[in-house]
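Read-outs: derived from the displayed coordinates by stated rules, not from any lab. It should be emphasised that the depicted structure is a prediction, and the values quoted were computed from it without experimental measurement. Here the Cβ positions follow ideal geometry from the backbone for every residue, glycine too, while neighbour counts run over all protein chains shown.
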Amino acid sequence: MKYWITLAVLGGAIFASALQVVLTRYQTRQLFVELQDLKKQKDDLDNEWSQLLLEQGTWGTHARVEEIARGKLDMTIPEPTEIRRTRS
């Protein structure tokens, strides 16, 4: 009788252990898929950031600022006689 109880307890422990292994592997796979998605999202955001830095560099060049100042704002470089210096 004691033999069968011990055998049943060991069988239950083995079954519980096997079930835990299956659940752990499933969770590991889910977390791995989530990790891959997050890595892809990070790569996409890095690419977007690089594009934004390039765009910022393009929009902020001196030639572009001068073009806008001359074209849209009708600004010109003053003549040397028009420049006044003040002391602060």
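Annotations for the structure displayed:
- Listed by chain and number, the aspartates and glutamates placed with their C-alpha closer than 18 angstrom to that of Lys39 are Glu48; residues fewer than eight positions away on the same chain are left out.
- With helices as the sole contributors, the chain gives -28000 deg cm²/dmol at 222 nm; each DSSP H run of n ≥ 4 counts as -39500 (n - 2.57), and the sum is divided by every residue.
- Among the trypsin sites (Lys or Arg not before Pro) found in the stretch 36-88, those both in a DSSP coil and sparsely packed, with 10 or fewer other Cβ atoms within 10 Å of their Cβ, are Lys72, Arg84, Arg85, Arg87.
- Spacing of the two label points (7 Å from each Cα toward its C-beta) at Lys42 and Gln56, in nm: 2.1 nm
- Estimated inter-spin distance, Arg29 and Trp49, nm [label 7 Å along Cα→Cβ]: 3.3 nm
- For the stretch 57-88 versus the stretch 17-46, the gap between their alpha-carbon centres in whole angstrom: 56 Å
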